[in-house]
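Structure record follows, encoded as structure tokens.
The values are calculated or read from the model by the stated rules, or taken from the named source; none is laboratory data. In this text, all values refer to a predicted model and were calculated from it rather than measured experimentally. Glycine gets a Cβ as well: all are built from the backbone with ideal geometry, and neighbour counts include every protein chain shown.
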Amino acid sequence: MNERLAVGGASGMGWAQFLETARKTPGLDGGAAIKDSALREKLADWYVQAEGLKHTRNRTMTALSRGQTPGPESSIGKIVSAVQMQDLASNAIEMLDQFGIINDPDLAPMHAGFQGSFMFAPGLRIAGGTDEILKNIIAERVLGLPGDIRVDKDVAFKDMPTGR
């Protein structure tokens with residue numbers, strides 16, 4: 001849980017930096033990339049996700065300030081923020097076209113922040129529990145859904161059968 005708390009508030013390039021870059025980057029029609037309706041729709045989705053993450057983090061901070069143990073907020077925040085970081089960075093690099101491959105902070109738009117986020121995001125999706133593990137935890141412990149069938153649930157690790 002502590003690791004999820006640490007990685008659940010991942011930093012990186014966000015919707016505001018994407019918006020700034022989209023205003024300056026030429027689109028397919030020669031105008032600014034921000035004129036693309038599909039791009040604006042994604043930007044709106046990222047904004048809404050970022051606001052939800054902000055309020056979810058506030059719930060965690062409130063619980064901690066009251067001396068309580070936070071609930072599933074960090075797991076939820078980690079899943080959403082890691083996927084968002086990867087999606088946002090990927091779309092930014094694609095939007096930047098040939099300039100998206102430049103990884104030199106002195107030459108790349110936004111000091112290669114999108115490229116850094118793109119490289120960091122897959123590791124974030126693993127750290128603190130993979131997306132799949134966290135989804136199972138949320139499904140079972142938060143939503144009360146039945147758990148996966150685990151025939152080895154009551155077997156000590158040292159007693160697990162191996163392929164030998």
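Of all the residues in segment 33-54, those that are among the acidic types (Asp, Glu), in a helix (DSSP H, G or I) and under 15 Å from Thr21 (Cα atoms) number 0.
Scan segment 124-131 and give yes if some residue there is over 13 Å from the mean Cα position of the chain (by Cα) and surrounded by fewer than 19 Cβ atoms within 10 Å (Cβ to Cβ), otherwise no. No, that holds for no residue. Has segment 26-37 got at least one residue that is in contact with a helix residue (DSSP H, G or I) (Cβ under 6 Å, 6 or more places away or on another chain) and at pLDDT below 85? Yes - at least one qualifying residue is present in segment 26-37.
How many residues does segment 91-134 hold that are over 30 Å from Pro26 (Cα atoms), outside any helix (DSSP H, G or I), of a type outside the set (S, T, N, Q) and free of Cβ contacts under 8 Å to residues at least 40 places away in the same chain? Explain how you work it out, then say what you get.
So in segment 91-134, the residues over 30 Å from Pro26 (Cα atoms) come out as 123-134.
After this cut, where a residue has to be outside any helix (DSSP H, G or I) as well, the list is 125-130.
Going one step further and asking which of them are of a type outside the set (S, T, N, Q), we end up with 125-129.
Next, from what is left, pick out any that are free of Cβ contacts under 8 Å to residues at least 40 places away in the same chain: 126.
The qualifying residues number 1.
If you go through segment 27-37 and pick out every residue that is within 16 Å of Leu96 (Cβ to Cβ) and within 25 Å of the chain's Cα centre (by Cα), you end up with 3.
If Arg23 satisfies all but one of (1) at pLDDT 90 or above; (2) of a type outside the set (Ser, Thr, Tyr); (3) not in a helix (DSSP H, G or I), what's the number of the condition it fails? Against the list (1) at pLDDT 90 or above; (2) of a type outside the set (Ser, Thr, Tyr); (3) not in a helix (DSSP H, G or I), Arg23 comes up short only on (3).
Residues of segment 33-68 being in contact (Cβ under 8 Å) with a residue 24 or more places away in the chain, among the small types (Gly, Ala, Ser) and out of contact with any Ser or Thr (no Cβ under 8 Å at 6 or more places or on another chain), which ones? Of everything in segment 33-68, those that are in contact (Cβ under 8 Å) with a residue 24 or more places away in the chain, among the small types (Gly, Ala, Ser) and out of contact with any Ser or Thr (no Cβ under 8 Å at 6 or more places or on another chain) turn out to be Ala50, Gly52.
Quick check, is Ile137 buried (at least 20 other Cβ atoms within 10 Å of the Cβ), among the β-branched types (Val, Ile, Thr) and assigned to a helix (DSSP H, G or I)?
Values: buried (at least 20 other Cβ atoms within 10 Å of the Cβ): no; among the β-branched types (Val, Ile, Thr): yes; assigned to a helix (DSSP H, G or I): yes.
When the stated conditions are applied, Ile137 does not pass them.
Can you pull out the residues in segment 88-119 that are surrounded by fewer than 19 Cβ atoms within 10 Å (Cβ to Cβ) and more than 20 Å from the chain's Cα centre (by Cα)? Within segment 88-119, Asp97, Gln98, Phe99, Ile101, Ile102, Asn103, Asp104, Pro105, Asp106, Leu107, His111 meet the criteria. Residues in segment 2-19 that are surrounded by 14 or more Cβ atoms within 10 Å (Cβ to Cβ) and either under 30 Å from Arg141 (Cβ atoms) or modelled with pLDDT of 90 or more (or both): Arg4, Leu5, Val7, Gly8, Gly9, Ala10, Gly12, Gly14, Trp15, Gln17, Phe18, Leu19.
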